[in-house]
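A short reminder: the numbers here are calculations on the coordinates, not readings from a lab. What you see is a predicted model; the values in this text were computed from it and never measured. A quick note on method: Cβ atoms are made from the backbone with ideal geometry, for glycine too, and the neighbour counts reach across all protein chains shown.
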Amino acid sequence: MIPKGKLIAIGGAEDKGTDLEAGIIQRSQLNFFEIGILKTISKLLADKNDRIEIITTASSVPDEVGEQYTLAFNKLGCGNVGHLRIRVRDEALEYESVERLKACKAVLFSGGNQLRLSSIFGGTEFLDILKERYESEHFLIAGTSAGAMAMSLTMIYEGNATNAHLKGEVKITTGLGFIPGVIIDSHFNKRGRFSRLAQAVAANPGTIGIGLGEDTGIVVSNGEELEAIGSGSVMILDGRNIHHNNIADIEFDQPISVENIVVHIMAKGNTYNIRSRKFRGNEVVVKPAE
């Protein structure tokens, strides 16, 4: 089944319009109001009055984060924003939480600890409704940082970048499962997470690794078409054509070696299809010499 909804996975640290208040106006106005990631989410809503619920389950400071996103969307003209403050599994099962999910048109999972998302929402009616709405309606599911990493069926939940080249240092579990066949990592460039994602792909060569830079993301349409958005880069790691791969044979804490991981780097507007594994860059128009 081809999903009718869209996913927006964000690498973290997206522009929330805070520089506008500090008087840094000119460039920030363009970034935030015209091409910013949160602006992209607001544009994908069918109506500015559509309800957006901010889910701060992953965060250790949920009230602060909920307020930040509410203010940011308000600046973009989205006034119907709620903070769905689910902290424990029982709250995900409550009637009010489920009814609020049924009434909204979009959700945004904040950053924090992705394991909180999988352990609190996994196997709940809340998650079942979220998946059903994404598959059958024009429904938006956005996630930033941990919220993006939890979107995939296979999810990284731990792994120090310094030791990520060593077998066993990258921990993997089951995510929320909105998009199968991929593994998503966030804060990818700033925190040096290439080796972390490479090990995850080496252990699961049939998957596609998606590394999201900060203030950068992807819009997923039809469950398979990725479009890069934001100011940075998206890295794609394709393990389908791996030849040599020692990860199954070495001891834990030994360095992995892998041959022929295919890497693509996407900038804003580039697309990648996870089914056909085809990359498409922006068309460059060369003006003839005068």
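For the pairs Lys102/Lys190; Lys39/Lys190; Lys48/Lys268; Lys48/Lys278; Lys43/Lys171; Lys48/Lys131, note any where the Cα-Cα span goes beyond 32 Å. Don't jump to the answer; show the numbers that get you there.
Numbers: Lys102/Lys190 37 Å; Lys39/Lys190 23 Å; Lys48/Lys268 24 Å; Lys48/Lys278 34 Å; Lys43/Lys171 36 Å; Lys48/Lys131 23 Å.
Violating the 32 Å Cα-Cα cut-off are Lys102/Lys190; Lys48/Lys278; Lys43/Lys171.
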Report D for the range 81-197 in µm² per second (integer): Stokes-Einstein, Kirkwood Rh on Cα pairs, 25 °C, 0.890 mPa s.
164
Hey, what did the range 6-274 get for relative contact order, percent, Cα under 8 Å, at least 6 apart?
19
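Per residue Cα convex hull volume for the range 114-268, in cubic angstrom?
Values: hull volume 16.1 nm³, N = 155.
For the range 114-268, the hull spanned by Cα atoms encloses 104 Å³ per residue.
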So, in nm, how far is label Ile2 from label Val263 when the simple model puts each one 7 Å beyond its Cα toward the Cβ?
3.4
By the scheme Lys and Arg +1, Asp and Glu -1, what is the net charge of all other residues having a beta-carbon under 9 Å from that of Arg100?
-1
Let me know the Rg and Dmax you get for the range 6-274 when you use only its Cα atoms, in Å.
18.3, 57
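Once every DSSP H run of n ≥ 4 in the chain is given -39500 (n - 2.57) and the sum is divided by its residues, what mean residue ellipticity at 222 nm do you get, rounded to the nearest 500 deg cm²/dmol? Spell out each step's value before the answer.
Numbers: 10 runs with 77 residues, N = 290.
Only helices count here, giving -7000 deg cm²/dmol.
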Two-site label geometry, Asn163 and Ala248: point separation in nm, points 7 Å out along Cα→Cβ
2.6
